[in-house]
Amino acid sequence: MTTSQSICLPAPPAEADKQQVSKIYRMLIQTGVACLVGPDNSKIELPSSIYNALVQIVEHMQEGKAIALLPLMEEISTQAAADMLGVSRQFLVSELEAGKISFHRVGAHRRIYLKDLLDYQKEREVKRAASIDRMLRLSEDAGTYDKFVPFEE
């Protein structure tokens with residue numbers, strides 16, 4: 001994965017910063033207009049897109065999560081993409097070759113745009129949720145939803 005255009009905060013905030021991060025988060029979630037104050041005390045109102053991104057970043061930092069910001073058109077290797085999805089590289093390559101995720105080649109190597117990977121991930125989550133809902137409906141229709149069904153050996 002190319003990191004020249006990415007911004008990574010690979011570690012959660014230091015202990016000394018946690019209180020400040022929490023204070024910033026509480027301030028950001030209040031209603032009103034957020035402004036950026038420059039070194040010369042000039043103020044500029046934050047556009048909603050920047051404000052919403054900032055809220056999400058600070059929220060994750062407050063929860064002790066590491067943060068990485070990447071452009072949607074960032075090229076990702078198959079190994080990095082597999083790691084992001086939590087699947088093996090071989091499974092990811094089979095999904096690529098089946099046309100389930102768009103990719104392009106750089107020399108002999110497959111590369112995936114982050115946007116395409118996130119689209120696939122979202123579609124996969126929607127299908128997973130639909131399958132769970134379908135199984136729930138089937139078990140309710142069969143009358144087995146709230147019954148213990150012993151394992152057959």
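Each other residue within a Cβ distance under 14 Å of Asp141 adds +1 if Lys or Arg and -1 if Asp or Glu, for a net charge of 0. Decide, for segment 1-137, between rounded, prolate and oblate: order the square roots of the alpha carbon gyration tensor eigenvalues as a ≥ b ≥ c, take rounded if a/c falls under 1.5, and otherwise choose prolate if a/b is larger than b/c, else oblate. Prolate is the answer for segment 1-137, as a/c is 1.5 or above and a/b outweighs b/c. Compute the helix-to-body angle for 48-62: its Cα long axis versus the longest principal axis of the chain, expressed 0 to 90° and rounded to tens. The angle comes out near 70 degrees. Fully extending the segment from Tyr145 to Phe91 would add 16.2 nm, taking 0.36 nm per residue of separation and subtracting the current Cα-Cα distance.
Over the chain, how many pairs of lysines fall under 19 Å by alpha carbon, counting only those 8 or more apart in sequence or from different chains?
So the count works out to 6.
In the chain, the calculated helix contribution to ellipticity at 222 nm averages -16000 deg cm²/dmol per residue, counting -39,500 (n - 2.57) for every DSSP H run with n ≥ 4.
Summarising the amide proton neighbourhood of Ile67: residues at separation of 5 or more, or on other chains, whose placed amide H is nearer than 5 Å comprise Leu9, Ala11. Other residues lying with their Cβ under 15 Å from the Cβ of Gln121 contribute a combined charge of -1, Lys and Arg counting +1, Asp and Glu -1.
One decimal place: the segment Lys115-Leu72 gains 15.0 nm when fully extended, by the rule 0.36 nm per residue minus the C-alpha distance. Taking 0.36 nm per residue of separation and subtracting the current Cα-Cα distance, fully stretching the chain between Ser49 and Glu63 would add 2.9 nm. Please say if segment 13-93 is rounded, prolate or oblate, where rounded means a/c under 1.5 for a ≥ b ≥ c the square roots of the C-alpha gyration tensor eigenvalues, and otherwise the choice is prolate for a/b larger than b/c and oblate otherwise? Prolate, because a/c is 1.5 or more and a/b exceeds b/c. Of all the options Leu72, Leu138, Leu117, the one that moves most in a Gaussian network model of the chain with Cα springs shorter than 10 angstrom is Leu138.
Charge tally for Ile29 (other residues, Cβ to Cβ under 15 Å; Lys, Arg +1; Asp, Glu -1): 0. For Phe91, Phe151, the ranking by accessible surface with the largest value first comes to Phe151, Phe91, using a 1.4 Å probe.
The values are calculated or read from the model by the stated rules, or taken from the named source; none is laboratory data. Please read these numbers as outputs of a predicted model, since none were measured by experiment. Neighbour counts are summed over all protein chains in view; Cβ atoms, including those assigned to glycine, are modelled from backbone coordinates with ideal geometry. What goes into the accessible areas is simple: the full protein's heavy atoms, side chains included, and nothing from ligands, DNA or RNA. Shrake-Rupley method; radii C 1.70, N 1.55, O 1.52, S 1.80 Å.
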